[in-house]
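Have a look at the structure below, then the notes.
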Amino acid sequence: MSRKNGMGAHQSAKMKNDEWLTPPAVLEKLGTFDLDPCSPIARPWNTARVHFSKEQDGLAQQWFGRVWCNPPYGKEASLWLEKLSNHNQGTALIFARTETDMFFRWVWRKASAVLFIQGRLYFYDVNGRVAPANSGAPSVLVAYGSRDKEILRMCGIPGKFIEL
Ligand SMILES: C[S@@+](CC[C@H](N)C(=O)[O-])C[C@H]1O[C@@H](n2cnc3c(N)ncnc32)[C@H](O)[C@@H]1O
């Protein structure tokens, strides 16, 4: 079977569509979050107790509690990682572009732990359907703060955990 790499565009800075959702199986392993500041306007499932969408502009809001952040793609992602690293309580899901300025600033220097996910994720659309192709790039979960570090350590998602 040839799986198209069409969703490789998912990880492109040129990608216009941000609406690729975290696989529910990943979220289930990470426990309960208080806030998802970057959520679709109409979401197929909850990812946290409280959600902000583009309508509220989650980047401009005050964040609280344990935050889940699978940020919009492209250069803008750095702003979300910066905000989460300052908040220092939560977990992010991003592409494992370990050489980038964003990764050095907000992951290597600020995060408490990372989990490089084994294999490629299949993201979901806003109707709750799984994408026909994988994400086209490796993904990493990034923990901020001691609680999220311990949750990531124990979560059981296949991959390589590294405490920072
Ligand atoms: C990669 S998706 C992740 C969705 C969801 N958080 C999840 O983990 O499944 C990024 C989401 O951010 C939303 N988004 C983009 N700009 C935003 C903004 N300024 N404020 C809040 N949400 C925004 C998009 O609509 C999209 O649903």
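I want to confirm something. Restricting to region 1-30 and keeping residues that are polar (S, T, N, Q) and modelled with pLDDT under 50, which single residue is farthest from A96 (Cα to Cα)?
Going residue by residue through region 1-30, those that are polar (S, T, N, Q) are 2, 5, 11-12, 17, 22.
This time we only want the ones that are modelled with pLDDT under 50, so: 2, 5, 11-12.
Working: S2: 24, N5: 17, Q11: 10, S12: 13 Å.
Here the answer is S2.
Go through (1) more than 20 Å from Q118 (Cα to Cα); (2) crowded, with 20+ Cβ neighbours inside 10 Å and name the single condition L21 misses.
Single failed check for L21: (1).
Considering every residue within region 97-107, establish whether at least one is buried (at least 18 other Cβ atoms within 10 Å of the Cβ), touching a residue at least 60 places away in the same chain (Cβ under 8 Å) and more than 18 Å from C155 (Cβ to Cβ).
No - not one qualifying residue is present in region 97-107.
Regarding D36, is this residue crowded, with 20+ Cβ neighbours inside 10 Å and charged (D, E, K, R)? Explain how you work it out, then say what you get.
Values: crowded, with 20+ Cβ neighbours inside 10 Å: yes; charged (D, E, K, R): yes.
Against the criterion (crowded, with 20+ Cβ neighbours inside 10 Å and charged (D, E, K, R)), D36 qualifies.
Testing Y124 on (1) at pLDDT below 95; (2) among the hydroxyl-bearing types (S, T, Y); (3) closer than 17 Å to V26 by Cα, one condition comes back false. Which one is that?
Here Y124 clears every test but (1).
Hey, which of the strands (runs of 3 or more DSSP E) in region 59-145, taking only ones fully inside, have at least 1 residues that are of a type in the set (S, T, Y)? Steps first, answer last, please.
Details: elements: 67-69, 90-95, 113-117, 139-144.
Those strands (runs of 3 or more DSSP E) span 90-95, 139-144.
Given the criterion under 22 Å from N86 (Cβ atoms) and out of contact with any helix residue (DSSP H, G or I) (no Cβ under 9 Å at 6 or more places or on another chain), identify the matching residue among R147, R129. Break it down into steps so the answer makes sense when it comes.
Values: R129 fails: under 22 Å from N86 (Cβ atoms).
Exactly one of R147, R129 is under 22 Å from N86 (Cβ atoms) and out of contact with any helix residue (DSSP H, G or I) (no Cβ under 9 Å at 6 or more places or on another chain), namely R147.
Condition check ((1) in contact with a Ser or Thr (Cβ under 7 Å, 6 or more places away or on another chain); (2) more than 13 Å from the ligand (Cβ to nearest atom); (3) closer than 16 Å to I151 by Cβ) across all residues:
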| position | (1), (2), (3) |
| --- | --- |
| A25 | no, no, yes |
| T32 | no, yes, yes |
| P40 | yes, no, no |
| H51 | yes, no, no |
| K54 | no, no, no |
| G65 | no, yes, yes |
| P72 | no, no, no |
| S78 | no, yes, no |
| N86 | no, yes, no |
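Mind listing whichever residues of region 31-62 are in contact with a strand residue (DSSP E or B) (Cβ under 6 Å, 6 or more places away or on another chain) and either modelled with pLDDT under 95 or hydrophobic (A, V, I, L, M, F, W, C) (or both)? Step through it out loud before you land on a result.
To start, the set of residues in region 31-62 that are in contact with a strand residue (DSSP E or B) (Cβ under 6 Å, 6 or more places away or on another chain) comprises 33, 35-36, 39, 47-48, 50-51.
Within region 31-62, F33, L35, A48, V50 qualify.
Could you check S146 against (1) of a type in the set (S, T, N, Q); (2) in contact with a Ser or Thr (Cβ under 8 Å, 6 or more places away or on another chain); (3) closer than 21 Å to T47 by Cβ and say which number it fails?
For S146, the exception is condition (3).
Scanning region 108-161 for residues that are among the basic types (K, R) and within 16 Å of the ligand (Cβ to nearest atom), which turns out nearest to the chain's Cα centre (by Cα)? Before you say what the answer is, go through the steps one by one.
Of the residues in region 108-161, the ones among the basic types (K, R) are 109-110, 120, 129, 147, 149, 153, 160.
Filter again for within 16 Å of the ligand (Cβ to nearest atom), leaving 120, 129.
Details: R120: 14, R129: 18 Å.
Looking at residues that are among the basic types (K, R) and within 16 Å of the ligand (Cβ to nearest atom), I get R120.
The values are calculated or read from the model by the stated rules, or taken from the named source; none is laboratory data. Since we're looking at a predicted model, the values are computed, not measured. Every residue, glycine as well, gets a Cβ built from its backbone with ideal geometry; the counts of neighbours run over all protein chains shown.
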